[in-house]
Amino acid sequence: MYLYAYKNTKFFMLYEGVLTKMQTESGSPIQYFLVFENSFLNMNQLLDKEIEINFQGFQCLNCGKNKKIFRMGYCYDCFNAIPQAGDWIMKPELSTAHLDIEDRDLEYEKRVQLQPHIVYLASSSDVKVGVTRKTQVPTRWIDQGATQAVPIVEVPNRYLAGVAEVALKDHMGDKINWKRMLLNHVDKFDLLAKRDEVRELLPEEVKQYFDATDSTVYDLDYPVVEYPVKVKSLNLLTTPAYQGKLKGIKGQYLIFADGTVFNVRSSEGYVVQINV
């Protein structure tokens with residue numbers, strides 16, 4: 001919901017709702033949206049404007065209860081029960097739906113695991129390897145703040161993507177240095193050349209999916225007016241009220257003029273009031 005308010009002789013708008021990761025639209029620059037139940041904010045339109053964020057409480061994205069968020073926007077009980085938070089989410093190599101073996105909910109797991117997945121290289125700070133469903137291209141790379149990305153292979157299920165990622169992780173990272181990403185300390189890489197280098201590192205059951213003719217490189221342009229010199233992370237549990245001038249959006253982070261950065265995705269399930 002949103003309301004008009006009056007403060008210090010100025011009108012401003014109040015948006016209140018449960019945080020979920022910002023929705024995005026590809027473009028130059030990428031468009032970002034904070035979506036609440038009955039309203040939304042185009043965050044690009046707030047660049048160089050003051051924003052106030054106030055923490056109001058919790059609402060689990062699964063059960064909807066006012067219970068402290070444990071991880072991924074879920075309370076502890078839901079995180080340990082629902083299929084959307086199974087171990088195979090973070091570790092694709094643990095997927096078992098292709099064997100008709102259930103983890104928490106076989107119907108859900110088949111729907112998500114048994115579809116085309118992309119193993120990719122992305123440049124967010126250093127070169128990293130990762131896995132995403134084909135339907136999440138390029139959203140996954142945007143959420144990670146990648147400036148460039150290239151697919152390595154497209155495989156028919158999540159398990160094969162996972163074993164390929166595990167093999168490549170022995171030779172390169174699979175994590176993002178979020179500070180370097182937000183400071184825009186990103187080295188230049190020839191991702192196509194790197195992709196060709198790692199071809200022989202793929203497991204035998206995955207090599208057949210490598211397409212040497214694919215030379216697609218995804219370039220991603222973020223709405224950042226000014227990158228910070230130093231960054232400090234905003235935690236709403238320790239700082240329940242914050243106000244600052246928005247200078248950029250990258251990955252799932254809001255970047256403010258004083259170097260404060262706010263990871264929207266890591267705050268999913270938090271109820272907030274945003275004044276603009």
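The values are calculated or read from the model by the stated rules, or taken from the named source; none is laboratory data. Note that the structure is predicted; figures quoted are calculated from it, not measured. Cβ coordinates were reconstructed from backbone atoms using ideal geometry, including for glycine residues, and neighbour counts include every protein chain displayed.
Residue count for region 81-100, restricted to those that are farther than 15 Å from V131 by Cβ and within 21 Å of the chain's Cα centre (by Cα): 4.
Yes/no per residue for (1) farther than 29 Å from N80 by Cβ; (2) not small (G, A, S):
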residue: D105; (1), (2): no, yes
residue: E109; (1), (2): no, yes
residue: V112; (1), (2): no, yes
residue: H117; (1), (2): no, yes
residue: S125; (1), (2): yes, no
residue: G130; (1), (2): no, no
residue: A146; (1), (2): yes, no
residue: V150; (1), (2): yes, yes
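The residue pairs whose first member lies in region 20-43 and is more than 16 Å from A146 (Cβ to Cβ) and touching a residue at least 12 places away in the same chain (Cβ under 8 Å), whose second member is acidic (D, E) and loosely packed, with under 14 Cβ neighbours inside 10 Å, and whose beta carbons are closer than 6 Å, counting only pairs six or more residues apart or on different chains, are Q31/E25.
Contact map, region 61-84: residues that are under 17 Å from L237 (Cβ atoms) and without any contact (Cβ under 8 Å) to a residue 12 or more places away in the chain paired with residues that are part of a helix (DSSP H, G or I) and acidic (D, E), Cβ distance under 8 Å, separation 6+ or inter-chain. Pairs shown: K67/D77.
Taking region 84-135 as the region of interest, how many residues are in contact with a His (Cβ under 9 Å, 6 or more places away or on another chain) and at pLDDT 95 or above?
Kept after step one, since they are in contact with a His (Cβ under 9 Å, 6 or more places away or on another chain), are these residues of region 84-135: 92, 110, 113-114, 125, 129, 131-134.
Now drop any that are not at pLDDT 95 or above, which leaves 92, 110, 113-114, 129, 131-134.
Selection size over region 84-135: 9.
Counting only helices (runs of 4 or more DSSP H) that sit completely within region 101-182, zero hold 3 or more residues that are under 18 Å from the mean Cα position of the chain (by Cα), closer than 22 Å to A212 by Cα and in contact (Cβ under 8 Å) with a residue 24 or more places away in the chain.
Just one of (1) out of contact with any strand residue (DSSP E or B) (no Cβ under 6 Å at 6 or more places or on another chain); (2) closer than 21 Å to N42 by Cα; (3) surrounded by 13 or more Cβ atoms within 10 Å (Cβ to Cβ); (4) not basic (K, R) fails for L183. It is (2).
Could you list, in sequence order, all residues of region 208-241 that are more than 30 Å from S267 (Cα to Cα) and either under 22 Å from the mean Cα position of the chain (by Cα) or without any contact (Cβ under 8 Å) to a residue 40 or more places away in the chain (or both)?
Looking only at region 208-241, we keep the residues that are more than 30 Å from S267 (Cα to Cα), and these are 208-217.
Within region 208-241, Q208, A212, T213, S215, T216, V217 meet the criteria.
Pick from region 14-39 the residues that are charged (D, E, K, R) and in a strand (DSSP E or B): which of them is farthest from N54 (Cα to Cα)? Please lay out each step first, then the result.
Going through region 14-39, the residues charged (D, E, K, R) turn out to be 16, 21, 25, 37.
Narrowing further to those that are in a strand (DSSP E or B): 16, 25.
On the way: E16: 9, E25: 26 Å.
Out of the qualifying residues, it is E25.
The numbered conditions (1) in contact (Cβ under 8 Å) with a residue 12 or more places away in the chain; (2) assigned to a helix (DSSP H, G or I); (3) acidic (D, E) are all true for E200 except (1).
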